[in-house]
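Read through the structure below, which is laid out as structure tokens, and then see the notes.
What follows is calculated from the coordinates using simple rules that are stated; it is not laboratory data. Predicted model, so just to flag it, every value in this text is computed and none were measured. When we count neighbours, we look across all protein chains shown, and the Cβ atoms used for this are built from the backbone with ideal geometry, even at glycine.
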Amino acid sequence: MAPNDPLPETVTPGGKDEDAALAVRAAKGDPTAFGTLYDRHVSAVYRYVYYRVRDDAEAEDLTSDVFMKALRAIPRYEPRQAFLAWLYRIARNAVIDHVRRGGRQVSFEDALLHPEVHNAVDPDLEVLAGSDKDTLRSALGKLTPLQQEVIVLRFLEGYSTDEIAKLIRKREGTVRGIQFRALGALRQLIPSREALG
């Protein structure tokens, strides 16, 4: 698996109800239901973990660990929350545990150098898409880790502020504020095309 592999079409917010139904079936012992959830979300979880550890083998091990933890915890899953957000929380905790055990964690700034960032349609992302990689990397390195994470989840992964709020356990208004400050800082740090030309 590669971090730049496209995500399956089913990893969209529209699959939330179906995910919840599958999770309920998986909690009752249906291995096919959990297998379907795994197939739908393994790429997203792997990519999230990979961007934190930047090592294929470690990312694969951590992704496997995330799904093993999810399988054990699925009876406690609450269907009113998005299944993928629930998985991301497990993944975040797995990365934190990995770092505590002496593992390596890298900044999110490299994630924004993903080829898909230039195909983003959100107008706020224009500041990112119009800059060269070195300038972007330097600017992102000056953001806080939380700002970097919000920018990656919002613009690279395409999650709404509501979904990000659930993932990082902050209020939606707080996430919007983090995003606003991060984009403002990037606008200050990255010269406009007009200024360069």
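Note on D17 and F180: their simple-model spin labels are 3.4 nm apart, each label 7 Å out from Cα toward Cβ. Taking θ as phi - 60° and the Karplus parameters 6.51, -1.76 and 1.60, the scalar couplings of the stretch 175-190 work out to 4, 4, x, 4, 4, 4, 5, 5, 5, x, 5, 5, 4, 6, 7, 10 Hz in sequence order, x denoting glycine and proline.
For K16, a cut-off of 16 angstrom between C-alpha atoms picks up these lysines, skipping any fewer than 8 places away in its own chain: K166. Backbone geometry of the stretch 59-71 corresponds, through the Karplus equation with coefficients 6.51, -1.76 and 1.60 at θ = phi - 60°, to 3J(HN,Hα) couplings of 5, 5, 4, 5, 4, 4, 4, 4, 6, 5, 5, 5, 4 Hz, x marking Gly and Pro.
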